[in-house]
Each structure stands twice: as C-alpha cells, then as structure tokens.
Amino acid sequence: MGRSSSFRKLLEPSISDKPGITPYRVVLGNVKEKLVKTRRRLEHLLEDLPCDYDTEEYCETSDQLLEPLLLCHQSLESCGSSVLADGRLADLIRRVATFGMVLMKLDVRQESGRHTEALDAVTSYLDLGVYSEWDEEKKLDFLTRELKGKRPLVPPNIEVAADVKEVLDTFKVAAELGSDSLGAYVISMASNV
C-alpha cells in the first residue's frame, strides 16, 4: 500500500456501521470551534455578560465532547492508524471521561459570616425577618423549605451591599457552571449546622 493511499484512508475513514461519517479532521475542526465558544461562554458568565450562543454551539457536558472524540478514535482504528488512536487522543478521551469538561473541579471557599449577611439581606428584603436573629431550628426549617422549593429565593432586582452581592454572584456562577464543575464548597468558621 502506497503512502498516498494510507493518507487517503486517514482523510476518508470507512466505518460500516456509521454511514456518511465525516472525516475526523472536519470533526475535530468542529470540536475546536465548540470548545472556543464554550470558553467564551464561561468567560461571559464570569463577567456577568450576556451570551447569545445557541446550546448546540458549545459543550455543556462531557458526553458532548466525548462523542466526536470517540468517533475519531474509531475512525483511526478502522483505517489502521492505531498508533495515532492510542496516543494523545486516547489520553484526552481518558481525561474527559475521568474529569469531565472542566478537567478539574473548582473548590469554593467562603466565611460563614458572609453567608449570614447574605441571608439577612434576602430575608429582610422579602420581609421575613432577620435571618441572623432566628434560632437554629427556624434557620434549618427555612433553608430546608427553600432548597426544596421551585422558585428562586433571591429576587433578580434585589439591591444589596457589595459584600453581599459577591456572595450571591458566587452562588449564581456556581449554579450556571453546574455540578460537574464543582468540587467542594467549604464554609469556614461555621459554629453549627
């Protein structure tokens, strides 16, 4: 088999159970484009800027990234390019399968007093009283009820101090990034539940 026919096989893989599959270079070009838009979307989220990308234009889950990578792996295997398939591509597939889209988890740490200030601001705004003045049982009942509820606790138009806004923004970004992106949420200096 000549060099030119081997190269042609790489560009036009034949996978019998996947008719009409595009060459892996085109697929990887699309993956790159999606990853660039994913990064831009995350940057917009962190800067609290609007992002008008359609959900098909970026990756939200590791499965959306794994699918084309696995197709490329199968394609390379099918045309006799196991050396390429089992190299860096296989490493990347293992990393994405293990760590997800973020490749590492984000740990968030805040001091418990900041949380209390944020909840004071929210409960006062909603005319529910002052959270920090409640006994532990009332706090737990309130938090449990709100976590089980379907409506957002924090009104979108609430005006708060800069320190409170930072805490609320942290929760907002954590929610938008999703649980796959988060490791531990550490609340320091907590004296009770």
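Put simply, the amide H of Leu106, placed in the peptide plane, has neighbours under 5 Å in Leu182, Gly183, leaving out anything fewer than 5 places away on its chain. Under the rule that an exposed site lies in a DSSP loop and has at most 16 other Cβ atoms within 10 Å, name the longest stretch of the chain with no GluC sites (Glu not before Pro) of that kind, not counting the sites themselves. By the stated rule (loop sites, at most 16 other Cβ atoms within 10 Å), 61-158. Candidate cross-link partners of Lys139 among the aspartates and glutamates, defined by an alpha-carbon separation under 19 Å and a same-chain spacing of 8 or more, comprise Glu111, Glu117, Asp120, Asp127. What the phi angles of the range 80-96 give under the Karplus curve with 6.51, -1.76 and 1.60, with θ = phi - 60°, is a coupling list of x, 10, 4, 4, 6, 4, 8, x, 5, 5, 4, 4, 5, 4, 4, 4, 5 Hz, glycine and proline written as x. Between Met189 and Val173, the simple spin-label model (points 7 angstrom out along Cα→Cβ) gives 2.1 nm.
On full extension, the segment bounded by Lys138 and Asp54 gains 26.0 nm, given 0.36 nm per residue less the C-alpha separation.
Between Ala90 and Val130, full extension at 0.36 nm per residue minus the direct alpha carbon distance yields a gain of 8.9 nm.
If the limit is 29 Å between Cα atoms, which of Lys37/Lys105; Lys34/Lys148; Lys32/Lys165; Lys32/Lys150; Lys148/Lys172; Lys32/Lys148 go over it? Checking Cα-Cα distances, Lys34/Lys148; Lys32/Lys165; Lys32/Lys150; Lys32/Lys148 exceed 29 Å. The calculated FRET efficiency for the pair Ser112 and Lys37, based on their C-beta separation and a Förster distance of 41 Å, comes to about 0.65.
Each reported figure results from applying straightforward, stated rules to the coordinates on display, with no laboratory input. Computed from a predicted structure; not experimentally measured. Counting neighbours? That spans all protein chains shown, and the Cβs are built from the backbone with ideal geometry, glycine included.
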